[in-house]
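Taken together, the values in this text are just the output of simple stated rules run on the coordinates, not laboratory data. As the structure is a computational prediction, the values presented were derived from the model and not from experiment. With ideal geometry, Cβ positions are generated from the backbone for all residues, glycine too; neighbour counts draw on all protein chains shown.
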Amino acid sequence: MRKDAIAAVPGTDTGGGIPRRGFIPRTGLRLDVPDEPLAIADMADFFGVTHRTLHFYEEKGLISAGRSGPMRTYGIEDIERMAVINACREIGISIAVIQEMMEEVDGAASQVEADKIFRSVLTRRKRELTADTSHIRRQVQQIQTMLLNEAEEDRPAPSGNESPALTELENQCLLFMAEGYSAPRLARTLDVDADELLALESAIIRKLDATNRFQAVAKALLLGMIPD
């Protein structure tokens, strides 16, 4: 085994009998790979994939197998390429994007350029995951609000002069709302993000049977929930 293998010069033999196509990205990768060709079964075991997956990558032109006598084997370059492909798949990068990236990498004039191409793909994927995370958080918050609405509907309606039960955080939020805090200032004061603040205000408005934050504050004043 070898660690952090040094890229060979493009066009030289890499042990599998196939000339190297280009530089292999090294950014953020620890290419701890065998230093000799691997048979298909060994390649599949090493990367934890199926034979079908390897054949699929071959069909897509991402890797290629040579022959060592009667046995099909993968050379050093294709083992290293597989390490890059596997890392990309583990973080959800699509095959189409990997194909496009590897085509660019194959044409890279230097290791620095190959690493720059790979870093750009990683950065783009990070932005996608960040956006997905934000979207998931909003969906979770919507589900939580829907469940709270259902729970509130099951409770008996309070009598005219009865104050609704608010949580400690909701009471704090209501007091600051009465003082005219803007949404950004309110979020900073309560140490919550925009989505959490929206859910908090929605819960207060719902519990006070109001239509907006101003009506909620007015009703809270009438019920004596806010000190003069």
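Between the amide H of Ser68 and those of Thr73, distances stay under 5 Å, these residues lying 5 or more places away or on another chain, with hydrogens modeled in the peptide plane.
In order along region 105-115, the phi-based Karplus estimate (6.51 cos²θ - 1.76 cosθ + 1.60, θ = phi - 60°) of 3J(HN,Hα) comes to 4, 4, x, 5, 8, 7, 5, 4, 5, 4, 5 Hz; Gly and Pro are listed as x. Compared with the alpha-carbon gap, the fully stretched path from Gln142 to Phe56 is longer by 27.0 nm at 0.36 nm per residue. For region 194-228, the residues whose amide N sits under 14 Å from a probe point set 7 Å from the Cα of Ser163 along the beta carbon direction are 208, 217-228.
Between Ala39 and Arg127, the simple label model (points 7 Å from Cα in the Cβ direction) yields a spacing of 4.6 nm.
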